[in-house]
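Down below is the structure, laid out as structure tokens.
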Amino acid sequence: MRSTTPPRTPRPSPFRALAALRAGRLRRRLAGAELPRHIGLIMDGNRRWARERGFADARLGHRYGAQHAGAVLGWCESLGVRHVTVFVCSAENLQQRGDGEVAFLMRVIEEVLAAPLSGPNPRWRVQVAGDLDALPESTARALEHAVRATADCATGARLTLAVGYGGRQELVGAVRGLLHAHADTGRPVRDLAEELTAEHIARHLYTAGSPDPDLVIRTSGEQRMSNFLLWQSAYAELYFCEAYWPAFREVDFLRAVRAYAARRRRYGA
């Protein structure tokens, strides 16, 4: 029978020492480079990582993945990245995954993500992207508490947790909000149609007030956006990493940032 308990923390190895040396070298090479202001993270591959590690319950990969998010945020902070959006759970996950897995994931979000972020002296101001009404009451309450507890964060860094999130659903909600706001003015809809700009819609997105992502990183080798920040990522640079999210190393992260710094951004031109 395969174990359901976490494996022991491995002792330092020559491979880890080599990875640390490579990470240090990459950090030095990035000195003075143009770095992304906003990074989007699609943390994919948690369950596959758990299966390959021999866990009988692949759901434990979600817990390891959530714990690893803290380390990745530290890497972002060390580079001076002030805006990060993490794709934690999609709207499709809530609809298509089994009830047991969804309940497990919600507990992980409450205990491993929201609770630590709500502690004293927060490093990130938290905001949530997604339909809180679609979440269990306890999960929505934990996320709302994290938003309130970090509202006065003095670091200037903003973390967006995309939970129960879908890019298409966000756009529908933004247009709906825009129409409601216009209806309150008493003016005809034709006026809105004549005046409508991209900025009008952007003001009604979950990410209003944050810059659009410059770099989106997806782990696990999958090369698709999966309904993540579709509007905001129109001109983002994309980077796909083979490592599963819990095995995503600092050297992998720095390679993604190095690839971004080496690219010439065209913004659709």
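Taken together, the values in this text are just the output of simple stated rules run on the coordinates, not laboratory data. The structure displayed is predicted, hence computed values, not measured ones. Neighbour counts run over all protein chains shown; Cβ positions are idealised from the backbone, glycine included.
Summary of computed values
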read-out: Computed FRET value (nearest 0.05) for VAL175 with TYR235, which takes r as the C-beta separation and R₀ as 22 Å; value: 0.55
read-out: Point-charge dipole on Cβ atoms (K/R +1, D/E -1) for the stretch 31-111, about Cα centre, debye to 20; value: 140 debye
read-out: Formal net charge of residues neighbouring GLU250 (Cβ-Cβ distance under 10 Å; K, R +1; D, E -1); value: +3
read-out: Simple Cβ-charge dipole of the stretch 82-208, Lys/Arg +1 and Asp/Glu -1, about Cα centre, in debye nearest 20; value: 380 debye
read-out: Positive-end residue of ALA31, ALA234, LEU105, charge dipole of the chain with Cβ unit charges; value: ALA31
read-out: Spin-label pair GLU111/ALA198, simplified geometry with 7 Å Cα→Cβ offset, distance in nm; value: 4.4 nm
read-out: Mean separation of Cα contacts under 8 Å, 6 or more apart, over the residue count of the chain: relative contact order %; value: 26 percent
read-out: Label-to-label distance, nm, for residues given as ARG123 and GLU137 (7 Å Cα→Cβ offset); value: 3.5 nm
read-out: 5 angstrom amide H check on GLN127, placed H, neighbours 5+ away; value: LEU159, THR160, LEU161
read-out: In the stretch 26-84, GluC sites (Glu not before Pro) in a DSSP loop with at most 13 other beta-carbon atoms within 10 Å; value: GLU34
read-out: Net dipole in debye of the chain [+1 Lys, Arg Cβ; -1 Asp, Glu Cβ; about Cα centre; nearest 20]; value: 1520 debye
read-out: GLU52-ALA262 FRET efficiency (beta carbon distance; Förster radius 41 Å; 0.05 resolution); value: 0.85
read-out: Mean separation of Cα contacts under 8 Å (6+ apart) over length of the stretch 178-242, as relative contact order %; value: 30 percent
read-out: Under the Karplus curve 6.51 cos²θ - 1.76 cosθ + 1.60, θ = phi - 60°, whole-Hz ³J(HN,Hα) for the stretch 109-123, x wherever Gly or Pro sits; value: 4, 5, 8, 9, 9, 5, 4, x, 5, 8, x, x, 6, x, 8
read-out: The stretch 150-190-the stretch 208-266 distance, computed between alpha-carbon centres (Å); value: 23 Å
read-out: Added length on full extension, which subtracts the Cα-Cα distance from 0.36 nm per residue, THR155 to ALA31; value: 42.5 nm
read-out: Extension gain from ARG148 to ARG224, taking 0.36 nm per residue of separation minus the Cα-Cα distance; value: 24.1 nm
